[in-house]
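Accompanying notes for the structure given below.
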Amino acid sequence: MKSLEGKVAMVTGAASKRGMGHAVALRLAAEGANVIVLDKFAKPKSLWPGDEGWDGLDAVVEEIKSQGGEALAVVADIADSKAVDDAVAAALKKFGKIDILVHCGGIRGSMTTPIIDLSEEEWKDIVDINLTGSFLISKAVAKTMVPEGEGKKIVLIGSMAALKGYAGSAGYCASKHGILGLGRTLAAELAQYKINVNIINPGGFDTNLRDAEIIKRAKAEGISLAEAVEQESHKSGPSGIPLGRLGKPEEIADLVFFLVSEQSKYITGEAILIGGGIT
């Protein structure tokens, strides 16, 4: 029997081909879970060669079904409370429960805009999606978990930006610092129900989260998107990572699996850094 057999998992931010959510959804399904894959966009665009025919959430569902699992695709904006409530209702209608929430959904925003130049609109977009969205999805799913309690798991994806400030990334850093406080408070509140809540703080990872900054750089340098992607693909990886490379989404999925398995039942309220030895 697979270790997550009979479990139902909801994974947000699951539509991007190169995203953490996609890798997490496949890993949990491979371990036996039925999976709800949720994203704001059914077919998010990707800059990378080979992704042109990617079918987004539908493709993830088909991958899970090909492994013998069951899956449900839900399109929802996590910053919209009604959309979140409707998504959770759809999950309950299909599977009757949610045992696991892995919240990967989020945006990066600007990486190079000083606070004195950052618009209120961009600030609100980042905080609404990253922090308010984390609150709304955690609240809605936790409500369904409390009656059964023991064995339920929540994992929030934070960032190394939750641990320090990065010049030019005020909105992102603030939102990810907020996720730490949210996750730790949720862990304290849900501990009485034997529900585990933990936060993963990734360092540099090779995902579609980098796409927006590549677009911005292409415009600033007056080069094509294809040229900007080509430049990015030849980078050896950020300096300062002892292991010498960006992380892979599948490596996040491995850690997520541990945190939602029975092996981690005495771990809650923790923020775990996965960054190739960067600190």
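The values are calculated or read from the model by the stated rules, or taken from the named source; none is laboratory data. Keep in mind that this is a model prediction, so the values were computed, not measured. Virtual Cβ from ideal backbone geometry, glycine too; neighbours counted across all protein chains shown.
Worth pointing out:
- Filtered residue count, the range 91-121, keeping only those that are acidic (Asp, Glu) and at pLDDT below 95: 0
- Any hit, the range 7-16, residues being over 16 Å from the mean Cα position of the chain (by Cα) and either in a helix (DSSP H, G or I) or farther than 19 Å from Gly247 by Cβ (or both): yes
- Qualifying residue in the range 228-248 (condition: within 24 Å of Pro44 (Cβ to Cβ), surrounded by fewer than 14 Cβ atoms within 10 Å (Cβ to Cβ) and among the acidic types (Asp, Glu)): yes
- For the range 66-112, filtered to residues that are assigned to a strand (DSSP E or B) and in contact (Cβ under 8 Å) with a residue 40 or more places away in the chain, the residue that is surrounded by the most Cβ atoms within 10 Å (Cβ to Cβ) is Val102.
- Subset of the range 108-121 (residues that are charged (D, E, K, R) and within 16 Å of Ala167 (Cβ to Cβ)): Arg108, Asp117
- Within the range 161-209, tally of residues that are of a type outside the set (A, V, I, L, M, F, W, C), in contact (Cβ under 8 Å) with a residue 12 or more places away in the chain, under 24 Å from Thr268 (Cβ atoms) and surrounded by fewer than 21 Cβ atoms within 10 Å (Cβ to Cβ): 5
Matching residues to (1) in contact (Cβ under 8 Å) with a residue 40 or more places away in the chain; (2) touching a Ser or Thr at 6+ places or on another chain (Cβ under 6 Å):
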position	(1), (2)
Lys2	no, no
Gly19	yes, yes
Val24	yes, no
Gly32	no, no
Val37	no, no
Lys43	no, no
Trp48	yes, no
Trp54	no, no
